[in-house]
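Engineer: To start, I am sharing the structure in question, which I have written as structure tokens.
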Amino acid sequence: MPGLDIVERVAEFVELREDEFVAPVLRRAGVDVFELLVAVMLTQNTSDRNAFRAYHNLKRAVGRITPQALLSLGEDRLAELIRPAGMHRVRARKLVELSRALSGVDLSRLAQMDVEEARRFLTSLPGVGEKTADVVLVNLGKPAFPVDTHIARIANRWGIGAKYGEISRWFMERLPPGRYLEVHLKLIQFGRDYCRARSPRCGECPVRDLCPWPGKR
């Protein structure tokens, strides 16, 4: 298992392209928690590029994204608007269920919750799993480290672990909370650019000399 030096090398090497990521862009724009949650749900099992397209379709249709606005669209219209994200009918059903669950709920109270209470609340909602909850939380400034497919692949190759919880804890135990979001985003970018699922660019990898993966080329 590698030490923190491999993570620091990646963080130093990767020049962050934050505008490619839905959640940081929208949080910087000042959207509320519900709109952020909906946007993060649109990134599930698809690219941020597709999620951006679906999100902007919604914005053009309803303006401010609220539970009432999504419910007023109806499931069929909602599905058509978010089609670019893929699995649009399943997503639309989950977003309708989410909107019903949160109709009249003040999500600003998440800011007053500790991170575990906030995570339990979010994961109790329709369509919200661990990764979605953690992406929302870390973008709200809470100490959470989301593990997406890229980070899970990197962690598996580095021997950090295979399960969501153990991978997340490994990073949280070794990094200060103020760096969770930065390192999370840089690792995703590193996974997209170098440590890819197919045809990883091991020959050009900036951490090749530190990488313990027996399959490296």
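Engineer: Working only within the stretch 75-124, note down all residues that are of a type in the set (D, E, K, R) and either within 21 Å of V62 (Cβ to Cβ) or touching a strand residue (DSSP E or B) at 6+ places or on another chain (Cβ under 9 Å) (or both).
Structural biologist: Applying the first criterion (of a type in the set (D, E, K, R)) to the stretch 75-124 yields 75-77, 80, 83, 89, 91, 93-94, 97, 100, 106, 109, 114, 116-117, 119-120.
Within the stretch 75-124, E75, D76, R77, E80, R83, R89, R91, R93, K94, E97, R100, D106 meet the criteria.
Engineer: Among the residues of the stretch 190-212, how many are in a loop (DSSP other than H, G, I, E, B), over 16 Å from E8 (Cα atoms) and basic (K, R)?
Structural biologist: Selection size over the stretch 190-212: 3.
Engineer: Do you know which residues across the stretch 1-30 are acidic (D, E) and closer than 25 Å to C202 by Cα? Steps first, answer last, please.
Structural biologist: Here is the first cut: in the stretch 1-30, the residues acidic (D, E) are 5, 8, 12, 15, 18-20.
D5, E8, E12, E15, E18, E20 - these are the residues of the stretch 1-30 that are acidic (D, E) and closer than 25 Å to C202 by Cα.
Engineer: If you don't mind, another one. Suppose we filter the stretch 31-47 for residues that are surrounded by fewer than 19 Cβ atoms within 10 Å (Cβ to Cβ) and within 14 Å of G86 (Cα to Cα); how many remain?
Structural biologist: Applying the first criterion (surrounded by fewer than 19 Cβ atoms within 10 Å (Cβ to Cβ)) to the stretch 31-47 yields 32, 45-47.
From what's left, within 14 Å of G86 (Cα to Cα): 45-47.
Matching residues across the stretch 31-47 total 3.
Engineer: Which count do you get for residues in the stretch 54-65 that are in contact with a Leu (Cβ under 9 Å, 6 or more places away or on another chain) and either open to solvent by 20 Å² or more (accessible area, probe 1.4 Å) or not in a loop (DSSP other than H, G, I, E, B) (or both)?
Structural biologist: Quick first cut of the stretch 54-65, residues in contact with a Leu (Cβ under 9 Å, 6 or more places away or on another chain) only: 54-55, 57-58, 60-62, 65.
Those still in the list that are either open to solvent by 20 Å² or more (accessible area, probe 1.4 Å) or not in a loop (DSSP other than H, G, I, E, B) (or both) too: 54-55, 57-58, 60-62.
Qualifying residue count for the region: 7.
Engineer: A follow-up question, please. Scan the stretch 106-128 for residues that are closer than 20 Å to R27 by Cα, without any contact (Cβ under 8 Å) to a residue 24 or more places away in the chain and not in a helix (DSSP H, G or I) and jot them down.
Structural biologist: Matches in the stretch 106-128: D106, M113, D114.
Engineer: Condition (residue is surrounded by 16 or more Cβ atoms within 10 Å (Cβ to Cβ) and at pLDDT below 95) applied to the stretch 89-110: is it met by at least one residue?
Structural biologist: Scanning the stretch 89-110 turns up at least one residue that is surrounded by 16 or more Cβ atoms within 10 Å (Cβ to Cβ) and at pLDDT below 95.
Engineer: Here's another thing I want to ask about it. For the stretch 138-148, enumerate the residues that are assigned to a helix (DSSP H, G or I) and farther than 24 Å from M87 by Cβ. Explain how you work it out, then say what you get.
Structural biologist: Let us first name the residues in the stretch 138-148 that are assigned to a helix (DSSP H, G or I), namely 138-139.
The one that is assigned to a helix (DSSP H, G or I) and farther than 24 Å from M87 by Cβ: V138.
The values are calculated or read from the model by the stated rules, or taken from the named source; none is laboratory data. Note that the structure is a prediction, hence the values are computed from the model and not measured. Backbone-built Cβ (ideal geometry, glycine too); neighbour counts: all protein chains shown. Each accessible area value is taken on the protein alone, full model and side chains, heavy atoms only, with ligands, DNA and RNA left out. Shrake-Rupley method; radii C 1.70, N 1.55, O 1.52, S 1.80 Å.
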